[in-house]
C-alpha cells in the first residue's frame with residue numbers, strides 16, 4: 001500500500017509570494033491533517049480536513065488555508081509569505097475513527 | 001507554561017544501553033499519549049500509543065504514563081545505532097487536536 005505522498009519535496013520562494021503544497025493520503029484515508037515543523041516551535045497543528053470540510057484548526061493566521069478534494073487529496077496554501085514561514089510542512093492521514101496518523105515525508109519550504 | 005515540555009537533547013548513549021526519554025504536560029484533559037520517531041529528512045512514524053496510566057511494552061520499547069504526575073516516558077532497551085533519530089511525544093485531548101513535544105534528538109554510539 002502506498003504511503004502518504006507530498007509534492008513538491010523542496011520549494012524556495014521569496015517574501016510576499018504565495019505557495020500551494022499538495023498531499024495525497026493513503027488510499028481509503030479520508031482524514032488529512034497538516035502540520036508545520038520548525039526547530040524553534042517543533043511540530044504545530046495547522047488544520048484537519050475530513051470529507052472536504054475543515055474539521056479542526058490550529059492557531060495560525062488566515063494566510064494559511066487549505067482544502068480537500070472529493071478523492072481526499074488535500075492542498076494547503078500560504079499567501080504573502082514571510083521569512084518565518086520557512087519550515088517543513090507535513091501532511092498526515094488516517095482512517096476515520098482511529099487515532100493512528102501516517103505522515104508523509106514533508107515539503108521543505110524556504111522563504112528568502 | 002507550554003502544554004507539552006520535552007528536553008531537546010541531544011542525548012548520546014552507547015550501543016546496548018537503556019534509553020529513557022521523557023515529557024511532561026500541563027493539560028489534565030489529555031487522554032491519548034503517543035511516541036513518534038523521526039529520522040532525518042523523513043516524516044514522523046508512530047512508535048507506540050496508550051490511553052491509560054501504566055506501562056505498555058512492544059519489543060524493545062516501553063511506554064509509561066503517569067497521569068497523576070502528568071509525565072510520560074519512553075524506554076528503549078538494548079539500544080541500536082538504528083535507533084538514532086528524533087523522538088517526539090504527542091498527546092490528544094477531547095478537542096481532538098494533537099499537541100507535540102519539540103522532540104529529543106537521540107544518538108546511539110556504536
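Readers should treat all values here as calculations from the given coordinates under stated rules, not as data from a laboratory. What you see is a predicted model; the values in this text were computed from it and never measured.
Rg/Rh for the protein assembly as shown: what does it come to with C-alpha atoms and Rh from Kirkwood?
0.97
If you consider only alpha-carbon coordinates, what radius of gyration and Dmax does chain A have, in Å?
Looking at chain A, its Cα Rg and Dmax stand at 13.2, 40 Å.
Taking only Cα atoms of segment B:1-100, what ratio of Rg to Rh do you get with Rh as the Kirkwood inverse-distance radius?
Taking Rg over the Kirkwood Rh, I get 0.95.
So for segment A:59-112, considering every pair of alpha-carbon atoms, how many percent are separated by more than 16 Å?
Above the 16 Å cut-off, segment A:59-112 has 54 percent of its Cα pairs.
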